[in-house]
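The next block holds one structure in the form of structure tokens; read it before the comments.
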Amino acid sequence: MKALILAAGYATRLYPLTLNKPKPLLKVGSKTITDRIVEKIESVKNIDGIYIVTNDKFSAHFEKWAKKSPYKTPIYIINDCTFSNETRLGAVGDMELVVNEEGIDDDLLVLGGDNLFEFNLSDFIRFARRKGGFAVALRDVGDKKVAKKYGIVTLDNNDKVEEFAEKPKAPRSTLAAMCVYYFPKEKLDLLKAYIDTGMNKDQPGHYISWLVSKGLVYGYTIKGEWFDIGDKKLLKLAHEVYTKKEEGDD
């Protein structure tokens, strides 16, 4: 099994912090966001390769980070060769790029490079394999006003996603889709099929919504903390929470 971290964005909402540093390499507590994600991935025994897709502006930053990283799992930095927010490939374009260029023919765990979470990835993968399809991790945000900011799903009694709505004006539930996905290897070719439709390649939620329309996606509801770090307020909150955790461990 392989893991892919999406880290090719330019994080303009975090300027000036991200003018010369990629968002996933900002520190939350004493560790970078990427380090915290990779630590979670390394807890999964059967993952034998980690791919980090980034852009030309920040590729050297990740290469430098990777050379100093202490992890046992091989880490590969993939440059999508874009130079600006306007020319980016988008998350779905980056996923398809890595699958094709690296010849990935294995189950794939995809994670957003700005998502921090406290659940067990092995449990998520076991769930997905038991269901036999695509899977997305979900977090109940508990408030329909808050739900309007996320991709929101509804589930049937078998945990199959019935509907996926990106930032709905009138959410039908409060189950928010996290950028944590499981793609079975026999379905990786659907990335190209989706891109060939000409639909939105920027946000991965649009691809998941397309898969939902084909009845292929299951939702795994998690508990515990989740930070989708999109702005300075959330970055500050995550930093405070993880700093407090670390102080409590001393």
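The values are calculated or read from the model by the stated rules, or taken from the named source; none is laboratory data. Quick caveat, the model's predicted, so the values are computed rather than measured. For neighbour counting, all protein chains shown are included, and Cβ atoms are generated from backbone atoms with ideal geometry for every residue, glycine included. What goes into the accessible areas is simple: the full protein's heavy atoms, side chains included, and nothing from ligands, DNA or RNA. Shrake-Rupley method; radii C 1.70, N 1.55, O 1.52, S 1.80 Å.
Rolling a 1.4 angstrom probe over segment 38-101 with all protein chains present gives an accessible area of which 51% lies on carbon and sulfur atoms. Counted over segment 1-121, the DSSP beta bridges are approximately 10% antiparallel.
Per-residue accessible area (protein heavy atoms, 1.4 Å probe) orders L4, L190 as L190, L4, starting from the largest. Helical runs (DSSP H, four residues minimum) scored at -39500 (n - 2.57) apiece and divided by the length of the chain put the mean residue ellipticity at 222 nm at -9500 deg cm²/dmol.
Remark: spin-label model distance D123-D48 equals 2.8 nm, labels positioned 7 Å along the Cα→Cβ axis. Around the Cα centre of segment 124-250, unit charges on the Cβ atoms of Lys, Arg, Asp and Glu (plus for the first two, minus for the last two) sum to a dipole of about 340 debye. Residues K64, K233, sorted by accessible area with the largest first, give K233, K64 [1.4 Å probe; ligands and nucleic acids excluded]. Between M1 and C81, the simple label model (points 7 Å from Cα in the Cβ direction) yields a spacing of 3.2 nm.
Residues whose amide H lies under 5 Å from that of T221, counting only those 5 or more places away or on a different chain, are L138; hydrogens are built 1.01 Å from N in the peptide plane.
Along segment 77-94 the Karplus relation, 6.51 cos²θ - 1.76 cosθ + 1.60 evaluated at θ = phi - 60°, assigns HN-Hα couplings of 9, 10, 8, 7, 6, 9, 10, 7, 4, 6, 9, 4, 6, x, 4, 5, x, 5 Hz to successive residues, with x for each Gly and Pro.
Using a cut-off of 14 Å between beta-carbons, work out the net charge of the residues near E166 (Lys and Arg +1, Asp and Glu -1, E166 not included).
The answer is +3.
For segment 82-181, the C-alpha radius of gyration sits at 1.21 times the compact-globule guess of 2.2 N^0.38 Å, with N the residue count.
Residues of segment 140-183 with backbone nitrogen within less than 19 Å of a virtual label 7 Å along the Cα-to-Cβ line of K245, please, listed as ranges. Once the point is set 7 Å along Cα→Cβ of K245, 140-141, 178-181 turn out to lie under 19 Å by backbone N, inside segment 140-183. Where both bridge residues fall in the chain, DSSP classifies roughly 50% of the beta bridges as antiparallel. Shape analysis of the chain places it in the rounded category; the axes a ≥ b ≥ c from the Cα gyration tensor give an a/c below 1.5. Were the residues from E63 through K233 laid out at 0.36 nm apart, the gain over their Cα-Cα distance would be 58.4 nm. For T154, the residues 5 or more places off, or on other chains, whose built amide H falls under 5 Å of its own are E162, E163. With the convex hull constructed from alpha-carbon coordinates only, segment 20-121 shows a mean projected area of 6.8 nm² over all directions. If the chain linking K144 and Y15 were pulled fully straight, counting 0.36 nm for each residue of separation and taking away their Cα-Cα distance, it would gain 43.5 nm. Less than 10 Å Cβ to Cβ from T221, Lys/Arg counted +1 and Asp/Glu -1: what total charge do the surrounding residues give? With Lys, Arg at +1 and Asp, Glu at -1, the net is 0.
With r as the distance between the Cβ atoms of D202 and S30 and R0 = 35 Å, compute the FRET efficiency 1/(1 + (r/R0)^6) and round to 0.05. In this case the efficiency is close to 0.60. Neighbours of R139 by Cβ distance under 11 Å: Lys/Arg scored +1, Asp/Glu scored -1, total -3. Segment 204-231 to segment 41-89: how many Å between their Cα centroids? Centre-to-centre distance over Cα atoms comes out at 22 Å. Note on segment 203-250: Kirkwood radius taken over Cα pairs, Stokes-Einstein applied at 10 °C and 1.306 mPa s, translational D equal to 116 µm² s⁻¹.
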